[in-house]
Amino acid sequence: PPAGVVEQLPFYVFRTYPGQGLPVYTEYRAKKTQVLTVLRRFRGSSSWLKHEMSVVCDGKRIEEHQGSLRVRGDYLMPLRYWLTSLGF
């Protein structure tokens, strides 16, 4: 069940259109030696979202790039679980 009410959060995460999935992706760089987890399709307070993502991702630094948030490491499932628990 959702832990909070989506309307009270300072950000909103839109689901993808065809399959209604969460916009959390894994990217591989440098011949698959570096793993990045990317969150796309969000609106609202990116600073608040970056802070909360950092808590979910074990205190890692979150980088903002052209409308997406990136963190080094494979945090695909923890981020999807967190967003689902918020009600997205």
Legend entry - Top-ranked residue of the stretch 1-18 - restricted to ones that are more than 15 Å from the chain's Cα centre (by Cα), under 11 Å from residue 87 (Cα atoms) and assigned to a loop (DSSP other than H, G, I, E, B), ranked as modelled with the highest pLDDT: 5
Inset, instruction - Among what's in the stretch 19-58 and is of a type in the set (A, V, I, L, M) and assigned to a loop (DSSP other than H, G, I, E, B), pick the residue that is least open to solvent (accessible area, probe 1.4 Å). - result: 22
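If the requirement is being at pLDDT below 95 and aliphatic (A, V, I, L, M), which of these qualifies: 76, 49?
Working: 76 fails: at pLDDT below 95.
Testing whether each residue is at pLDDT below 95 and aliphatic (A, V, I, L, M) leaves just 49.
Is the stretch 65-86 home to any residue that is aliphatic (A, V, I, L, M), closer than 11 Å to residue 11 by Cβ and open to solvent by 20 Å² or more (accessible area, probe 1.4 Å)? Outline the logic, then answer.
To start, the set of residues in the stretch 65-86 that are aliphatic (A, V, I, L, M) comprises 69, 71, 76-77, 79, 83, 86.
With the extra rule that they be closer than 11 Å to residue 11 by Cβ, the set shrinks to 69, 83, 86.
Going one step further and asking which of them are open to solvent by 20 Å² or more (accessible area, probe 1.4 Å), we end up with 86.
Looking for residues that are aliphatic (A, V, I, L, M), closer than 11 Å to residue 11 by Cβ and open to solvent by 20 Å² or more (accessible area, probe 1.4 Å), one finds at least one in the stretch 65-86, hence yes.
Sort out which residues of the stretch 59-86 are assigned to a helix (DSSP H, G or I) and without any contact (Cβ under 8 Å) to a residue 24 or more places away in the chain, and write them in order of number. Spell out how you get there, then give the answer.
Filtering the stretch 59-86 down to residues assigned to a helix (DSSP H, G or I) leaves 76-86.
Selection gives 77, 78, 81.
The values are calculated or read from the model by the stated rules, or taken from the named source; none is laboratory data. These numbers were taken from a predicted model, which means no experiment stands behind them. Here the Cβ is made from the backbone with ideal geometry for all residues, glycine too, and neighbour counts use every protein chain on show. Surface areas here come from the heavy atoms of the whole protein model, side chains and all, with no ligands, DNA or RNA. Shrake-Rupley method; radii C 1.70, N 1.55, O 1.52, S 1.80 Å.
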